[in-house]
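Participant: This is the structure, below, for whatever I ask next.
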Amino acid sequence: MITNLKTTRQKPLIQTKQDIIMFIYANSAVTAANACGLLLFGDCPLDNPDFEWSVDLSAAGPKPPPQNPELPPVKKIPSA
C-alpha cells in the first residue's frame, strides 16, 4: 500500500506530500495511472502530456561552469 511507504524521516509518504497531492487532486483530472506515476515514479510511467513541460531559465543568465570541490586531506592512521 502507498500509505506504508516511508521517507527517510519514517513518515508515511502520503503525509509528507499531502499538500502537493491535495493541490494536484483539486486542480486536475487525476487518474489512477497519474497518481501511481507521481507517487511511485519508475514503477508507473507517466504517459500523460500534462506532465510534459519545461521551464525557461534564460532570465537567470548563463549557467556557471562546474566546480570541482576541494577534498579534505587524507588522515594517516598510525600503525601499531
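Derivation of every value follows stated rules applied to the coordinates shown; laboratory data play no part. Computed from a prediction, not measured in an experiment: that's the story for all the values here. No Cβ is skipped: glycine too gets one built from the backbone with ideal geometry, and neighbour counts run over all protein chains shown.
Participant: Please order 55, 30 by the number of other Cβ within 10 Å, starting at the fewest.
Facilitator: Ranking 55, 30 by Cβ neighbours within 10 Å, fewest first, gives 55, 30.
Participant: Based on the Cβ-Cβ distance from residue 18 to residue 71, what FRET efficiency comes out when R0 is 30 Å, to the nearest 0.05?
Facilitator: Efficiency at R0 = 30 Å is approximately 0.15.
Participant: Calculate, in nm to one decimal, what residue 54 and residue 79 gain on full extension: separation in residues at 0.36 nm each, minus their alpha carbon distance.
Facilitator: Residue separation times 0.36 nm, minus the Cα-Cα distance, leaves 3.4 nm.
Participant: Taking neighbour Cβ counts within 10 Å as the exposure measure, how do 16, 31 sort from fewest upward?
Facilitator: 31, 16
Participant: Order these by the 10 Å Cβ neighbour count, fewest first: 46, 57.
Facilitator: Fewest to most other Cβ atoms nearby, the residues stand as 57, 46.
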